[in-house]
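The values are calculated or read from the model by the stated rules, or taken from the named source; none is laboratory data. All values derive from a computational prediction rather than experimental measurement. So basically every Cβ, Gly included, is an ideal-geometry build from the backbone, and we count neighbours across all protein chains shown. These area figures cover heavy atoms from the full protein model, side chains too; ligands, DNA and RNA do not enter into them. Shrake-Rupley method; radii C 1.70, N 1.55, O 1.52, S 1.80 Å.
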There are 2 protein chains.
Amino acid sequence: MSLDKVDIVEVGPRDGLQNEAATLSLELKTTLINNLTNAGVSHIEAGSFVSARWVPQMADSSEVFTHITRQNEVVYAALTPNLKGAQAAVLAGADELAVFTAASETFNQRNINCSIDESIVRFAPVLQFASQNKLRVRAYVSCVLGCPYEGEIAPSHVREVSEKLLELGCYEVSLGDTIGVGTPGSTRRLLQALQGLSPNQLALHLHDTYGQALANTLVALDFGHRRFDASVAGLGGCPYAPGASGNVATEDLVYMLHGTGLNTGIDLDKLIHAGNVVSRQLGRKSGSKVALARSNISEECR
Amino acid sequence: MSLDKVDIVEVGPRDGLQNEAATLSLELKTTLINNLTNAGVSHIEAGSFVSARWVPQMADSSEVFTHITRQNEVVYAALTPNLKGAQAAVLAGADELAVFTAASETFNQRNINCSIDESIVRFAPVLQFASQNKLRVRAYVSCVLGCPYEGEIAPSHVREVSEKLLELGCYEVSLGDTIGVGTPGSTRRLLQALQGLSPNQLALHLHDTYGQALANTLVALDFGHRRFDASVAGLGGCPYAPGASGNVATEDLVYMLHGTGLNTGIDLDKLIHAGNVVSRQLGRKSGSKVALARSNISEECR
């Protein structure tokens, strides 16, 4: 891991779109992912293989995987809650799988109807299947900086869950501030509690619901972390606070990282283009402040 | 200066409102300032004594000062470009004056039609008058992290202008990232160039146009800075990028500071109330993510 390179996992086509009111057509999803690829994004979560009954926005994920124009060096990942989903994802051609649990028992019960330990047990066949297919598996842990039901979550508990997932064979744990309540203070306490685990095995998945995502990212950079999830145009909202922001916008993250001397491999102008196109298609204002500033800046200031 | 106390200068009633499309009535401006006082804000820029021809939103600043309900320990400040404005502000009962120039020659020429040095010469009578009236004078320096016309601004130039203003007798220089382009990288370079000046004499006035304000604040905190300007509900926009954000929202700043173990003396709930009231009156969505999240959070999560 070079200290000046940051890896960004673009989750807009999955985590973003599944939390948007409007559903994009297969064609427009394909356009989004192709535009992200063209912008130099090297890791894109392209779809989700969960029941279409629960997440109708992702019902055509198989088709998405077969329609996109792939670049060899780009990882196109799929969210897969169980073996059935993993099988469908591999059939569709996913390069990588992702499983998800939470650091909050109540959240996990309400979200996927089982305890955290039960969810991890369910992942074992996914990991085994992935290994047979030579695919890596990423794990999401929700609510690492707070839970809508339980409030504060003990950092030691996040560590415990993360270690179990790494022991199970996940190559990385993505630590999700699902409701975006984390501050530089709580982020620091969490990352201190995780010291000893390799920053290579941990990503941060920060939501900007309280406007703290970039400040929290800065804290994580200070701790040596170099892997972050983000969503172009800030796609997705916060299901627990309708009208509020969800995922941190990739454009804003990239702007900050580049301005801080870090390299992402992403072309910011092309990324802004990808975000502006999908925002227009969804009929919403971009959730990226950088995109809004760049797109609306007065002629005389260019 | 205690390390765990941060001083916030609330600029919403002046810098915020003067950049809003709608103009608030005297009654509603008074309500805003009273609500801010009730929230525990200890320093409020309440109005501006500039020509009503240029800034019609501030034409009733004299009346604002006489109508608000004051708390003894709160500073109610006024922006005053020249001696005439300073005299009017003192007559109206302002506790403190503020002058403004820029770190960019082109910006200063276009904004106040004179060179930086000429502007500083014009401030001398304001400082003298303030001193006779035992009032302190604050100085704003615009474009410290970038200019809409010149692009990058040399940190050494910001230092030079700041030193001149302090030598003139200003008690503090508020360093303005007027167009919000600064990143943690450029903020760090600026603050390094300002080392040797007392953090007591410098405030940061960050705009969130590119979403970087809180991350930049975190950098400034690391440098020992404890004085920040902010605007409740993110009032005001960016005149150079219509539709984009302007001042950092006070609610988001306070949320971050409190979450990081720092004290502001501000009651966040009352602050959110003040911001939500004025946003409704202006017919706009709050520019504070914290306000949006707190106000819209699902019942079951409260």
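Points to keep in mind about this one:
- Between the stretch B:128-180 and the stretch B:261-292, the Cα center-to-center distance that results, in Å: 28 Å
- Of the GluC sites (Glu not before Pro) found in the stretch A:1-93, the ones in coil according to DSSP and having at most 13 other Cβ atoms within 10 Å of their Cβ are A:E73.
- Nearby lysines by direct alpha-carbon distance to B:K289 (threshold 20 angstrom, same-chain neighbours under 8 apart not counted): A:K285, A:K289, B:K270
- Of the whole protein surface, B:R122 contributes about 120 Å² of accessible area at a 1.4 Å probe radius.
- Anisotropy class of the stretch A:1-40 from Cα gyration tensor, a/c 1.5 cut: oblate
- Inter-chain Cβ neighbour average for residues B:86-92, partner chain, 10 Å: 0
- Relative contact order for chain B: 20 percent, from Cα pairs under 8 Å spaced at least 6 residues apart, divided by residue count.
- Highest-first arrangement of A:141-150, A:171-180, where packing means the average Cβ count within 10 Å: A:171-180, A:141-150
- Over chain B, DSSP H runs of length four or greater, each weighted -39,500 (n - 2.57), average out per residue to a 222 nm ellipticity of -12500 deg cm²/dmol.
- Cα shape, the stretch B:225-302, gyration tensor, a/c 1.5 rule: oblate
- Under 5 Å between amide hydrogens, built in the peptide plane, is the criterion, and for A:V75 it picks out A:H43, A:I44 among residues at least 5 positions away or on other chains.
- For the stretch B:72-176: accessible area per residue (Å², 1.4 Å): 42 Å²
- Prolate/oblate/rounded call for chain B, Cα gyration tensor, a/c under 1.5 rounded: rounded
- Listed residue (B:L36, B:I8, B:L24) projecting farthest to the positive dipole end of the stretch B:1-58, Cβ model: B:L24
- Listed residues A:V121, A:V137, A:S104: farthest to the positive end of the dipole of the stretch A:90-165 (Cβ charges): A:V137
- Peptide-level mean, for B:133-144, of C-beta atoms on other protein chains within 10 Å: 0
- Residue by residue, the stretch B:135-143 carries 3J(HN,Hα) couplings of 10, 8, 10, 9, 10, 9, 10, 7, 6 Hz when phi is fed to the Karplus relation 6.51 cos²θ - 1.76 cosθ + 1.60 (θ = phi - 60°); x denotes Gly or Pro.
- DSSP bridge orientation in the protein assembly as shown - percent antiparallel, rounded to nearest 5: 10 percent
- Measuring nothing but how far apart in sequence close Cα pairs (under 8 Å, 6+ apart) lie, relative to its length, the stretch A:212-302 scores a relative contact order of 28 percent.
- 14 Å beta-carbon shell around B:G176, net charge (K/R +1, D/E -1): -3
- Where both bridge residues fall in chain B, DSSP classifies roughly 10% of the beta bridges as antiparallel.
- Only Lys, Arg, Asp and Glu carry charge here, each on its Cβ (+1 for the first two, -1 for the last two); on that basis the protein assembly as shown has a dipole of about 360 debye about its Cα centre.
- Pairwise burial A:B, computed as accessible area of each alone minus the pair, summed, 1.4 Å, Å²: 3300 Å²
- Packing, as the average of other Cβ atoms within 10 Å across residues, places the peptides B:162-168, B:89-95 in the order B:89-95, B:162-168, highest first.
- Amide H within-cut-off set for B:L135, under 5 Å, with H built and near neighbours excluded: none
- Within the stretch B:161-285: Cβ-based charge dipole about Cα centre, in debye rounded to nearest 20 (Lys, Arg +1; Asp, Glu -1): 200 debye
- Contact-buried residues of the stretch A:188-213, at a threshold of 40 Å² lost accessible area versus the chain by itself: A:Y210, A:Q212 (1.4 Å probe; DNA, RNA and ligands ignored).
- Under the Karplus curve 6.51 cos²θ - 1.76 cosθ + 1.60, θ = phi - 60°, whole-Hz ³J(HN,Hα) for the stretch A:217-232, x wherever Gly or Pro sits: 4, 4, 4, 5, 4, 4, 7, x, 6, 9, 10, 9, 8, 7, 10, 4
- Taken one residue at a time, the phi angles of the stretch A:199-209 give Karplus couplings (6.51, -1.76, 1.60, θ = phi - 60°) of x, 5, 9, 10, 10, 10, 10, 9, 9, 9, 4 Hz. Gly and Pro are set to x.
- Residue mean of other protein chain beta carbons inside 10 Å, B:14-27: 0
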